[in-house]
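Worksheet: one structure, shown below.
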Amino acid sequence: MTDRFYAGFMVLVSSLLLLQACTQDRQPCLTPKASILKAKAVRVLADGTAQDTALPAAVLAPITGGTLSGTLYPGGSSFTLSLSPVADSAQWIFATDTIGVVPDTITFRYERQLHFISNACGYTYYYTINSVTATGHSLDSAVIKDRSVNSNANTVHTELYIHPQP
């Protein structure tokens, strides 16, 4: 009887282990999927030094290859945007104010890399910025601070240098 009991017990334990192995824990995806490019406007002073600046009524709008993923708040100097997963460049209109300012065109050129997050979350794109150019109306230049664009929203990738005030 002990052999039958032992065999039955082993079948029961094996069945429970098999059942446990077949059930999946479906946890929601807690990892951010979007890759966010963060840019910051900096004013160039007359002596050539740079200073963080507040933009009271800045304008930012996509032309090609991107979407605005954050809001440019009045008085802020930082903004976030998304790059296109199907294009190698994105163009944006940027103006420091809504009145009396000729807008600049900012062009981001980048490489896309498909990145696996997890089975539950799927894939996303990470980007490597190759260059940033800007027309010279209000912007003096654009500088890449960090080329790697991923899901880390705390990294400033680009600084936009605004011409000094006369």
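The values are calculated or read from the model by the stated rules, or taken from the named source; none is laboratory data. Quick caveat, the model's predicted, so the values are computed rather than measured. So basically every Cβ, Gly included, is an ideal-geometry build from the backbone, and we count neighbours across all protein chains shown.
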message: Yes or no: region 102-112 includes at least one residue that is out of contact with any Ser or Thr (no Cβ under 9 Å at 6 or more places or on another chain) and either closer than 21 Å to L139 by Cα or part of a strand (DSSP E or B) (or both).
response: no
- request: Output the residue which, of all residues in region 148-166 that are under 16 Å from V102 (Cβ atoms) and modelled with pLDDT of 85 or more, is surrounded by the fewest Cβ atoms within 10 Å (Cβ to Cβ).
  value: I162
task: Tell me, please, whether a residue that is closer than 23 Å to N119 by Cβ, modelled with pLDDT of 75 or more and assigned to a loop (DSSP other than H, G, I, E, B) can be found in region 30-37.
output: yes
- prompt: So which residues in region 87-104 are surrounded by fewer than 19 Cβ atoms within 10 Å (Cβ to Cβ), of a type in the set (A, V, I, L, M, F, W, C) and under 25 Å from T128 (Cα atoms)?
  reply: A87, I93
message: Filter region 138-166 down to the residues that are among the small types (G, A, S) and assigned to a strand (DSSP E or B) and list them by number.
response: S141, A142, S148
message: Testing T96 on (1) closer than 21 Å to D52 by Cβ; (2) modelled with pLDDT of 90 or more; (3) out of contact with any Phe, Trp or Tyr (no Cβ under 9 Å at 6 or more places or on another chain), one condition comes back false. Which one is that?
response: (2)
field: Count - residues of region 116-141 that are free of Cβ contacts under 8 Å to residues at least 60 places away in the same chain and either of a type in the set (G, A, S) or over 25 Å from T53 (Cα atoms) (or both)
entry: 10
